[in-house]
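Report on the following structure.
Each value in this text was obtained by applying a stated rule to the coordinates, not by laboratory testing. In this text, all values refer to a predicted model and were calculated from it rather than measured experimentally. Ideal geometry is used to build each Cβ from the backbone, glycine not excepted, and the neighbour counts take in all protein chains shown.
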Amino acid sequence: MKKKQNLWGKLLIAFLIIFFYAPILYMIIFSFNESRSLTAFSGFSLKWYRHMLESKDMMEALYTTFSIAILATLISTVAGTISAIGLSKSKRILREAVEQMNNLPIMNPDIVTAIGLMLLFITFQVEKGYVTMLLAHVAFCIPYVILSVMPKVRSLDPNLADAAMDLGATPLQALWKVIVPQITPGIVSGALIAFTMSVDDFIISYFVTGQGVKNLSIMVYTMSKRVNPSINAVSTLVVVIITLSLLLINLIPLLLENYSEKGRKRRKLFLRTGALLGVAVIAVLAVRGKERLEEKPFQGQVLRIYCPGEYMGENVIPDFEELTGARVITEYFDSNEQMYIKVANGETYDILVPSDYMIERLIQEKLIQKLDREKITNSDLLVKEALYLPYDPENEYSVPYFWGSVGIVYDTGKVTEEELQEKGYNIFLDPKYKSDIYLYDSERDSFMIALKALGYSMNTKEEEQLKEAYQWLERCVSTMDAEIVTDEIIDNMAQARKALGIVYSGDGAYIMSENEEMGYFEPLEGTNLWCDAMVIPKNADNPDLAHEFMNYLCSYEAAYDNSDFVGYTSPNEEVMEELFSEGGTYEGINAYLPRAGYEMDESFHYDEETKKIISNLWSKIKIVASNAGK
Amino acid sequence: MKKFSQLALPYIIWAVLMLVLPMLLIALYSFTNQGNTIISFSFTLEHYGKFFTDKDFLLVLSRSLMIAVKTTLLCLMIGYPAAYVISRTGEKIQNFLILMITVPTWINMLVRTYAWIGLLSEGGLVQKICLWLGLGEVEFLYTEGAVLLGMVYNFVPFMILQIHSALCKMDGSLLEAAADLGANEVEAFKQVTLPLSLPGVINGITLVFLPAVSSFFIPKLLGGGQFFLIGNLIENQFITAGEWNFGSAISMIMAVIMMLLMMLVKKAESRNQAQEEEK
């Protein structure tokens, strides 16, 4: 019986170890993969590591993660220990009250703590950023330190400190020389918990951060929609840092131990903590050091950009920094709505890149400023289809960034163009393609296809029509098993995972350039001709630099780099024609050149009431989809 | 030693500011409407009404709770035997195994979850193994199974560590005594080990259940855009919909549910202890 149990036990442990480490190993292996794929290893390459080192975002995320973790650990360990000692001598009521308060972050789901802290910072108008993130981390770490120090303090002989002081020690000496050494194990384990919690945290950091400050978790969360093997490289680096520090922590005391046998245990603990801190400091300095080299004499000003994720050529920012000596901080949003909430709540940026209808709203609500056209001389280079659109008829406020249409990307092996012409958007209700379609998670474009499919204007304000559109979408998600996705559609369609999907033309162009079997179709019922443009918020810190950036992006080099990399249509005429013509990256790909002058096409207008209705209905659609999927 | 007691004062102020006030703010937001300030606001139950009268929201809530329960049960089923086996190995191996289980928790949770995407995606290793085993083409990514897997993967170390530390605190001579008194291994386990490890089990359940209920990145990364749990719903209200008051109301509902559940667990624990003492 015993033997048998042993065998099962060993199997279980072996299984667990494999379970824990297989994904990590897999990730490490694929960080050396030559291609983008996460499933097929095509050859050894270090290019993702180069990408990672070149990406300021990633290096800063690493720095933020570890510097916050170290600072939060230090602060919360010291504060927590002192408070625990104080509390042990306080009245019982007080002690219990603090215990109850400490239970709030421990016993509440993270998201509740996160939202509470976010509301706190907003109510007291503390600008969200590095400091708020640190404060939040300290706030949720201290309770754990107290929890682990308190039992040790309370198990001490209460007369210990008195005895020390009777013998002539000052209170401080009594604390430092008598009490602290006795409770070191509690302090160390508290510090370890604090460090782990801080490094691991995502939800709280995500809600209390601002100004583009992001830690590793936030970076992975915002970048993971499109396959990005650099994430594997960063993760591998983290694994290496952790493993090295663990090795050092365990080895250094072992080496030093040989010198003295006495007082081993206590010294060991101190040495371990010391080694841990040392390693951490070295790691932080290493990351910081690299940054320092990049300092430039020119200007040293800061430009804050808030734009959609994965929406900029990889050399645009570095080149601009090189050119001007300014430092650019980029923050990414998932949707115009997300951007709007932050801007409306007073966060400051120098450049925003919203869509047409959102620009209309920002103009209406006086959140953006008029541009000084004299400073944007390169705007002469822009194509007229992207200029003077209804959302900003004189282009007083905005400079086009990318433009395009919304359409259907389809697998030419499964769907023919004739069929699309015949059925239009209603092909998304055709049972033939059940479980074979993607919808895009955008409230306005989802309602656009539904309204167009029903023959209405996409700018309708009629509640009856909106309701019909809701029913169309509800039918689509509940009977067709449609998946509602965001940017992951790009890689999935490039690998032909489904027959049909709704995409923006630029993503369509990218998909078609990756996979020749894919086609892009703009239905005859009409579509959304959109334009994303750069604007400067009213409260921008550095409008001059912002104008400089706008001007730079209109130039041939920047526009080429941008459009070539992302796949969206450039407003720079020369770039657009070059990329589409023979030898260009998007040669002959129809998605790159959106349909112009078709009477059924429209662009979006902003209407507060309609927006609210659509927004609510779309949340419901997503919930229905989620409930139907089960 | 009154002097030392003053050391706690700064923290009490801090705790009121950073721990209690945020909760009060959530409550305030949840009972008011947009546009209200702290100075002038009117009380409303509208947001709670909106949540409780809509079967779709309630479905999301119940599904989130179900997933958290399933995750906790799975973690317990894997974690308890594992902790038990580990606690019975020699000191050196034991330390090593505990280290092996702790290390993954030091690697960022998002990174750990991200690591699964490649393994689970179409044409990935897991699918290949299934094909090889003759299970056919099984789709993993963007299913509930994937979400559960991600949760268990992330949270099971906490369960193991908690139970393990409870088992380690146990006095080994108790088992010998039980054996001397004629108990066989199964009986000794039932009468001695299990009750004594219960505090660890309860701590483990707390540490697994809480994050499992509110996690929104695991469903988003492994469940796909349409896997909507209560955490996603709250995130959505704050980040994209801008309905902070409604979002606060859902947070309050969640906080209250958690508090009730935790009280229940605590009660069960103390009753159990009382019973033990009676014996």
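For this structure, a couple of remarks:
- With Cα atoms defining each centre, the stretch A:154-179 and the stretch A:130-149 are spaced 27 Å apart in the structure.
- Charge dipole (Cα centre; +1 on Lys/Arg Cβ, -1 on Asp/Glu Cβ; no other charges) of the protein assembly as shown amounts to roughly 6320 debye.
- In the stretch B:57-278, Cα pairs under 8 Å separated by at least six residues give a relative contact order of 26 percent.
- Pairwise centroid distance, computed over Cα atoms, of the stretch B:181-242 with the stretch B:103-159, Å: 17 Å
- When each of the peptides B:11-17, A:459-465, A:325-331 is scored by the mean number of other C-beta atoms lying within 10 Å of its residues, the order from highest to lowest reads A:325-331, B:11-17, A:459-465.
- Shown in residue order for the stretch A:305-317 are the 3J(HN,Hα) couplings computed by the Karplus curve 6.51 cos²θ - 1.76 cosθ + 1.60 at θ = phi - 60°: 10, 10, 9, x, x, 6, 10, 8, x, 6, 9, 4, 5 Hz (x for Gly and Pro).
- B:Phe228 sits among other residues whose Cβ lies under 9 Å from its own Cβ, and their net charge, with Lys and Arg +1 and Asp and Glu -1, is +2.
- Annotation for the stretch A:70-138: trypsin sites (Lys or Arg not before Pro) lying in DSSP loop with at most 12 further Cβ atoms inside 10 Å of their Cβ are A:Lys91.
- Against chain A, whose longest principal axis is taken from its Cα atoms, helix A:92-107 shows a tilt of about 30°.
- Computed from backbone phi with θ = phi - 60° and the Karplus coefficients 6.51, -1.76 and 1.60, the 3J(HN,Hα) list for the stretch A:22-35 is 4, x, 5, 4, 4, 5, 5, 4, 6, 6, 9, 6, 6, 8 Hz; x is used for glycine and proline.
- Note on chain B: GNM, Cα springs under 10 Å; of B:Ser64, B:Ser30, B:Ser173, the largest mean-square fluctuation is that of B:Ser173.
- When you filter the GluC sites (Glu not before Pro) in the stretch A:534-590 for DSSP loop state and at most 11 other Cβ atoms inside 10 Å of their Cβ, you are left with A:Glu582.
- Lys, Arg +1 and Asp, Glu -1 on Cβ, resulting dipole of the stretch B:57-278 about Cα centre, debye, nearest 20: 440 debye
- Since only B:Ala146, B:Val69, B:Pro81 are under comparison, the one whose Cα sits farthest along the positive direction of the charge dipole of the protein assembly as shown, derived from C-beta charges on Lys, Arg, Asp and Glu, is B:Pro81.
- Positive-pole candidate from A:Pro185, A:Pro318, A:Ala72, dipole of the protein assembly as shown, charges at beta carbon: A:Pro185
- Take every Cα pair under 8 Å whose residues are at least 6 apart in sequence, average their separation, divide by the length of chain A, and the relative contact order is 14 percent.
- Computed from phi, the 3J(HN,Hα) profile of the stretch A:112-123 under the Karplus parametrisation 6.51, -1.76, 1.60 (θ = phi - 60°) reads 5, 4, 4, 5, x, 5, 4, 4, 4, 5, 6, 4 Hz, with x in place of Gly and Pro.
- The dipole here belongs to the stretch B:54-181: it is taken about the Cα centre, uses +1 on the Cβ of Lys and Arg and -1 on the Cβ of Asp and Glu, and is about 180 debye.
- DSSP-assigned coil residues among chymotrypsin sites (Phe, Trp or Tyr not before Pro) in the stretch A:523-630, each with at most 15 further Cβ atoms within 10 Å: A:Tyr598
- Peptide A:22-34 has a mean of 4 when you count, residue by residue, the C-beta atoms of other protein chains within 10 Å of its C-beta.
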